[in-house]
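Derivation of every value follows stated rules applied to the coordinates shown; laboratory data play no part. If you're wondering where the values come from, they're calculated on a predicted model, not measured in any experiment. Glycine gets a Cβ as well: all are built from the backbone with ideal geometry, and neighbour counts include every protein chain shown.
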Amino acid sequence: MIRKLTLALMMSGSVLAAQAPAFAQSAAPVSKLVEAVNIPHEKFTLDNGLTVLVHEDRKAPIVAVSIWYGVGSKNEPKGKTGYAHLFEHIMFNGSENAPGDYFEYTKKIGATDLNGTTWLDRTNYFQTVPTTALESALFLESDRMGFLLNAVTKEKLDNQIGVVSNEKRQGDNQPFGLVSYKQSGTLFPAGHPYHHSTIGSLEDLSAASLDDMKNWFIDHYGPNNAILVLAGDINAAQAKPLVEKWFGSIKRGKQVAPVNAPVPTLEKDIKIVMKDKVPTTRIYRNWVVPGLADPDANALFIAMSALGGLSSSRLDNILVRQEQSVVGVSAYLIPFVHGSLVNIQADVKPGGDADAVAKRLDEILADYIKTGPTAEEVQRVAASNIAQQIDGLEQVGGFGGKAVALAEGELYVGDSSFYKKELERLASAKPETVKAAMQKWLTRPVLEIRVEPGEREAYKEVAAGSGSRTGTLTAPAFYAPPGADDVSVPAPMAFQDRSKFPEPTGTPALDFPTVEETTLSNGIKVFFARRAAVPTVRVAVSFNAGYAADPADKRG
């Protein structure tokens, strides 16, 4: 998925062109880089509706196990906000055949890159395990899918209500922590599935009963509303019997009604002024634009990256470096299924004129929408973001590995190869396409929010108990070969003994890459380890000197 990351790997020749023209003549275009990116995989579906994607990557004896449920805060009706996120917590509190803290089991089997997250469109759970512990991980995931309800108690529910309530308070009490509520509540009308936040309201959480939670699980967490991805040291032939063994006997769940929500447009410009305990005034500009499957979302992602997402973006160069009227700016697009959020923000220099900054921001934006980005800006955005995403695909799991790319494409648009289409859209983007998308979507009424230093309005909340969290904190996980075949599977088994936990079958052997070595004519030693999972090269230069070599009178 198109996404905004904090750490970039930009090794494309087009990125280096401005600094080293000689290199640009021989550099391959970004489109050639995209052509080299593939996540070959097989797809099969169990009789109970569970969709399974398998990608083989033998570079290390590990397997990413990632399961994605088609349920998020968009599925919550009025009065039950926060249920999806609350249940994500509950599913870490043990199942019928794996009682206790889920993380105690994952520690025992050597799992890494493990967590669970909830957002508007999905709930997911993921871990990367040694190949010899794959069956252990499948047991755990299948047990909380099919054998959870009798393990959910009032005590666990109350405990996690307290934990989620505390998470909400922590987020709300951050600087600018209440802005997101204004954004979602204003940009998305009542009745729209994105009108409320994923964390929900403390009133709804406090009122949640044990029956509410059990019914929520029954309605949404069946195998037919889930996608299981296995990526790593495994192939489909090995995966099928294991997945059938542990998931095959789970009954098909209720059919989850599809969500149909058009992209909303404000009737007129809306201006909101808020107060908060912040050091400086922050100015926001927001629109809702098409969802992630629409090509305009990619064009607007490029537009926002060039405007305020690169270290040398237009807003940075004009407002921060040249005019020095603000101390920080950003512009980005957050993509979702039923609409994406365009966010532009600027932090006014302490003591500065917020009205003048707002006016100047709007002037820059109006000119940008009128003229569009330059070809060089589009190329830089494409090269840097494609490099970031390709770099992330070195991993099989975690927050941004190959399992995530496959799962999100399958869940969000019904196409597990959607990651490839997005990369191709980025690589082939043209300035005129980006300009047209901006003129279509960013000339509509805008939400203007200004947060000024001062005392917040009275903060209302209910007393929602307390609890001790098990496991680790959650965080949103962002999204990333044609024609994967649908392979038939034998009929599900009537019974699978779960009375004994399937322990790992030992420690897998490690096969490290061969390290080649040479010495340059000037004496520099070069070591090279060849890996071909993604078309990138990592370069590290180390010098045999550090602060220990500093003269006593010249520290640092």
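Across segment 288-432, Cα-Cα pairs farther apart than 22 Å form 45% of the total. Kindly list the residues of segment 228-263 that lie in the label zone of K59, defined by a backbone N under 14 Å from the point 7 Å along the Cα-to-C-beta vector. Inside the label zone: 232-233. Relative protection proxy for 81-88, 315-322, from highest mean packing down: 81-88, 315-322 (other beta-carbon atoms within 10 angstrom). In the chain, the calculated helix contribution to ellipticity at 222 nm averages -10000 deg cm²/dmol per residue, counting -39,500 (n - 2.57) for every DSSP H run with n ≥ 4. Using alpha carbon centroids, what distance separates segment 131-169 and segment 497-542, in Å? Cα centroid of segment 131-169 versus Cα centroid of segment 497-542: 34 Å apart. Loop-located trypsin sites (Lys or Arg not before Pro) in segment 29-60 (DSSP state not H, G, I, E or B) with no more than 16 neighbouring Cβ atoms inside 10 Å: R58, K59. The modelled label-to-label distance for the pair E167/E35, using points 7 Å beyond Cα in the direction of Cβ, is 4.5 nm. Can you bin the chain into rounded, prolate or oblate? Criterion: square roots of the alpha carbon gyration tensor eigenvalues sorted a ≥ b ≥ c, rounded for a/c under 1.5, prolate for a/b above b/c, oblate for the rest. Here the chain falls in the oblate category. Given R0 = 25 Å, the distance between the Cβ atoms of Q255 and F501 translates into a calculated FRET efficiency of 0.20. Each peptide in 268-279, 201-212 was scored by the mean count of other Cβ atoms within 10 Å over its residues; highest first, the order is 201-212, 268-279. Annotation: Cα Rg of segment 220-323 relative to the compact-globule expectation 2.2 N^0.38 Å equals 1.83.
Report note on the peptides 360-367, 513-520: ranked by the mean count of other C-beta atoms within 10 Å, highest first, their order is 360-367, 513-520. Panel order for H55, H196, by other beta carbons found within 10 Å of each beta carbon, from fewest to most: H196, H55. Listed by chain and number, the lysines whose alpha-carbon sits under 22 Å from that of K240, ignoring those within fewer than 8 places in the same chain, are K43, K59, K251, K402, K500.
P(r) for segment 42-260, from all Cα pairs and a bin width of 5 Å, is 1, 7, 14, 18, 19, 15, 11, 8, 5, 1, 0 %, short bins first. What is the gain in length, in nm to one decimal, between N544 and V526 on full extension, counting 0.36 nm per residue of separation less the C-alpha to C-alpha distance? Between N544 and V526, full extension yields an extra 5.1 nm.
The chymotrypsin sites (Phe, Trp or Tyr not before Pro) of segment 396-463 that meet both conditions, a loop assignment by DSSP and at most 13 other Cβ atoms within 10 Å of the site Cβ, are Y459.
Overall, the chain carries a charge dipole of about 640 debye about its Cα centre when +1 sits on the Cβ of Lys and Arg and -1 on the Cβ of Asp and Glu, all other atoms neutral. In this label model, T374 and A237 are separated by 5.6 nm, measuring between points 7 Å along each Cα→Cβ vector. Given N522, N215, V37, which one lies farthest toward the positive end of the charge dipole of the chain, if we put +1 on the Cβ of every Lys and Arg and -1 on the Cβ of every Asp and Glu? Projecting each Cα onto the dipole axis, the largest value belongs to N522. Look at where the Cα atoms of segment 108-122 and of segment 314-386 average out, and the two centres are 33 Å apart.
Rounded to the nearest 20, the Cβ-based charge dipole of segment 370-432 about its Cα centre (Lys and Arg +1, Asp and Glu -1) stands at 140 debye.
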